[in-house]
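So the structure is just underneath, and the comments pick up after that.
Taken together, the values in this text are just the output of simple stated rules run on the coordinates, not laboratory data. What you see is a predicted model; the values in this text were computed from it and never measured. Every residue, glycine as well, gets a Cβ built from its backbone with ideal geometry; the counts of neighbours run over all protein chains shown.
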C-alpha cells in the first residue's frame, strides 16, 4: 500500500524551496539574460550560487558529491516546488539534461569518471550533453536505427556520426555520446555510451535549431562527431548502451512530470486569481460555469497527474521495475498538464496570449513535453503491448 504522507523533514524542505522560489528566483523571470535559445550561463551561475547559499542545490544528487541525496518521493515534491518558476529547475541544478545525466553517472560511471564529470556537475560548475537522437531516419524513438558508429582503433574508438536536438551543447563541459559499436571484424555488438570533454577535437556544431521552447541553456543543436575517445572513457560496458539509456530515461520521465506539475500549478493559480477579480456580465467570471468548470478540470488534471507521478516514484523507491508506470505517467502528465496550461490561458483571454503573465511562456515550453523522452504515441504502443 502506498503511503502518501510525507516525512516532516521533506515537508520542511518543500516549504524552504517554496520560499526560495518565490522570494529569490521569480524576480529573475524578466531578466534580459533569458535569450531566444534559453537562459545564459551567466544567469545560470548566478542562480546556482543563490541555491547553494540556501542549501538547496542538487537535491537529486548523491550526498558524497555535494547533493541532498533525496529519494524519488521527496524529489517529487521539491521538483514540483522548483518548477513553479520557469527558472527554478535551473537554479536548483535539476534542469534536463543534467538531472538525468547525474542519475546515469551515479549508477554506471567508474569512480574516476565520477570525480572528473559527476562531481563538478553536482556542484553546479559544469553542464552536460546527452547525445543520442539523430536526423535523416536515424535513431529517435527507435534507437535501433542508430547510424553513428564507434570503431576500435588500438586502445581508442573513432566515433563518427551526426546528432540533432542535442540540448545544451554551447557552454557544456562534457558529452555523453551513444554510438553503434563495431568490433575489429566490423560486427555490430550493440550501442555503447562514450564520455568526452566538450573541447575534444572533432566535435562540430552544425547549426542551432530554432524551437518552440526556450527553457534550457544552450538551446538545441545539430552536431557532427568525428572524435577519437580512449576506451577508458566508455560509460559502463561495451554494447550495453540501450540498457543504460533506460536507466537514465525511466526516472527522467518522472522528473519531467514533477517539474511541469509546478509550472502548470503556477498557471492555474494565476488563472484562478484573475477569475476572482475579473468581472463580466455583472459578476466575477469565476462564477460563470464556462470559466469555473475549466478551473475545476484543472484541479482534476493536476491532482491525477500528481498521483500517477507519486505512484511511479513509490515503485522506484521500492526497487521495482516501473517502465509501464513511467510511460503511463509521462503520457498522462504531458497531456493533462498541457490542458491545464491551455485552459489557464483561455481563462485570461487576450491577456493570456501576452507576456503580461508567465502563462504564454509556459504554454510554449510545455508543448514539447509531449514529444521529448518518447512521444505519447510510442508510450501508448509500449503500454498496449504489455
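Taking only the Cα atoms of region 236-365, the radius of gyration and Dmax are 18.2, 69 Å.
Using R0 = 45 Å, the C-beta based FRET efficiency linking residue 339 and residue 153 works out to 0.30. With all pairs of separate Cα atoms included, region 8-122 yields a Kirkwood hydrodynamic radius of 14.4 Å. DSSP beta bridges confined to the chain are antiparallel in about 85 percent of cases. Note on the chain: helix-only mean residue ellipticity at 222 nm, from DSSP H runs of 4+ residues weighted -39500 (n - 2.57) and normalised by residue number, equals -14500 deg cm²/dmol.
The simple spin-label model puts a point 7 Å past each Cα toward its Cβ; for residue 112 and residue 228 those points are separated by 1.8 nm. Among beta bridges from DSSP that stay inside region 69-181, the antiparallel ones total about 45%. Considering only beta bridges that DSSP places wholly inside region 128-239, some 85 percent are antiparallel. Label-to-label distance, residue 210 versus residue 283, with points set 7 angstrom from Cα along the beta-carbon direction: 4.7 nm.
On the beta carbon distance between residue 36 and residue 368, with R0 = 25 Å, the FRET formula returns roughly 0.95. As a proxy for reagent exposure, ranking 289, 29 by other Cβ atoms within 10 Å from fewest up yields 289, 29.
Look at 75, 26 and count the other Cβ atoms within 10 Å of each Cβ; fewest to most, that gives 26, 75.
Taking the number of Cβ atoms within 10 Å of each Cβ as an exposure proxy, the fewest-first ranking of 165, 281, 242 is 281, 242, 165. Grouping the Cα pair distances of the chain into 20 Å bins from zero gives a pair-distance distribution of 28, 58, 13, 1, 0 percent in increasing distance order.
Multiplying the residue separation of residue 49 and residue 273 by 0.36 nm and subtracting their alpha-carbon distance yields 77.4 nm.
The relative contact order of region 8-122 comes to 29 percent, based on Cα pairs under 8 Å that sit 6 or more residues apart.
Across the chain, the mean sequence separation of Cα contacts (distance under 8 Å, 6 or more residues apart), normalised by length, yields a relative contact order of 16 percent. Full extension of the chain between residue 318 and residue 237 gives 26.6 nm of extra length, using 0.36 nm per residue less the Cα-Cα distance.
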